[in-house]
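Notes follow once the structure below has been shown.
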């Protein structure tokens, strides 16, 4: 029975990574028709919040006092880890290939290591440091500064801002809380939608909507269908699949499987947009993923019992599946 649960969990984790990875091509198709990243994220996050309303309410029965206690974390999660991260990622996608934009975002895991080092003044393990160096070396190759595929500087900066948003997610997730994960996602998405709506209303975040059809590899797609995919599949379904996977595999194994999102993103960008990073950028992508993997293994080892003291050493940050 345990093996069957692990097998089901593995498939759920892969499905979660794959559904998350569809966001780039569908968002890029909308951006090319005149949508802004703010408007895409507003409808995506707002739609996902509606879908998660019932699971959120059910998970908080008799526990609404927890929301009041963690209101600040919920607002920060919604504003930075959800809305800010996604707006920055879609801005990067508009200027870069989907694969390169996502690789830049995943550098957020490296940023968390540096933040944890600064906060705790405890140096990371040698394996973690090696992973950071691998990821930085991969970034140099992804940027391909001396080659023919040098990416747009503005897109790179947006990708790094997305990495900061991802890092914010990991830092917030590390805080002890009684708030259920589904409730954090649902309330965070609601908060993110409200923040984006407010910023759009006062003109700080451009909001532009069109009814033009989007194009994916020559196929015409109604705008509402693309938004529905982003909200229902790439957000709500992807997160719920990730939660189900984590409950069967544990957050650590599920997070390692979640790294396949990068591979799925490159595959979907190739199938749906005809995009494919150049050879040097692909090599850089391999280094980044390898570096992130090494960072996670290095941090995981801190949770293993220390034979000298018989205690469990806490990791500097948790290993969840993805920023919702």
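The values are calculated or read from the model by the stated rules, or taken from the named source; none is laboratory data. All of these numbers come straight from a predicted model, not from anything done at the bench. Please note: Cβ atoms are built from the backbone with ideal geometry, for glycine as well, and neighbour counts cover all protein chains shown.
Residues in region 184-209 that are in contact (Cβ under 8 Å) with a residue 60 or more places away in the chain and more than 17 Å from residue 79 (Cβ to Cβ): how many?
Qualifying residue count, region 184-209: 3.
Within region 38-49, is even one residue out of contact with any strand residue (DSSP E or B) (no Cβ under 6 Å at 6 or more places or on another chain), touching a residue at least 40 places away in the same chain (Cβ under 8 Å), surrounded by fewer than 24 Cβ atoms within 10 Å (Cβ to Cβ) and over 20 Å from residue 187 (Cβ atoms)?
Within region 38-49, one or more residues are out of contact with any strand residue (DSSP E or B) (no Cβ under 6 Å at 6 or more places or on another chain), touching a residue at least 40 places away in the same chain (Cβ under 8 Å), surrounded by fewer than 24 Cβ atoms within 10 Å (Cβ to Cβ) and over 20 Å from residue 187 (Cβ atoms).
Filter region 123-138 down to the residues that are modelled with pLDDT of 80 or more and either crowded, with 19+ Cβ neighbours inside 10 Å or not in a helix (DSSP H, G or I) (or both) and list them by number.
The answer is 125, 128, 131, 132, 134, 135, 138.
Quickly run through region 278-290 and pick out the residues that are surrounded by 18 or more Cβ atoms within 10 Å (Cβ to Cβ) and under 20 Å from the mean Cα position of the chain (by Cα).
Once the filter is applied, which keeps residues that are surrounded by 18 or more Cβ atoms within 10 Å (Cβ to Cβ) and under 20 Å from the mean Cα position of the chain (by Cα), region 278-290 yields 284, 285, 287, 288, 289.
Looking only at region 263-279, which residues are modelled with pLDDT under 80 and part of a helix (DSSP H, G or I)?
none
Take region 160-186 and flag every residue that is within 16 Å of residue 239 (Cα to Cα) and modelled with pLDDT under 75.
Across region 160-186, the qualifying residues are 170, 173.
Given the criterion crowded, with 21+ Cβ neighbours inside 10 Å and either at positive phi or modelled with pLDDT under 85 (or both), identify the matching residue among 96, 143, 103, 111.
Exactly one residue qualifies, and that residue is 103.
Taking region 210-253 on its own, how many of its residues are under 25 Å from residue 265 (Cα atoms), in a loop (DSSP other than H, G, I, E, B) and either within 17 Å of the chain's Cα centre (by Cα) or in contact (Cβ under 8 Å) with a residue 12 or more places away in the chain (or both)?
Qualifying residue count for the region: 3.
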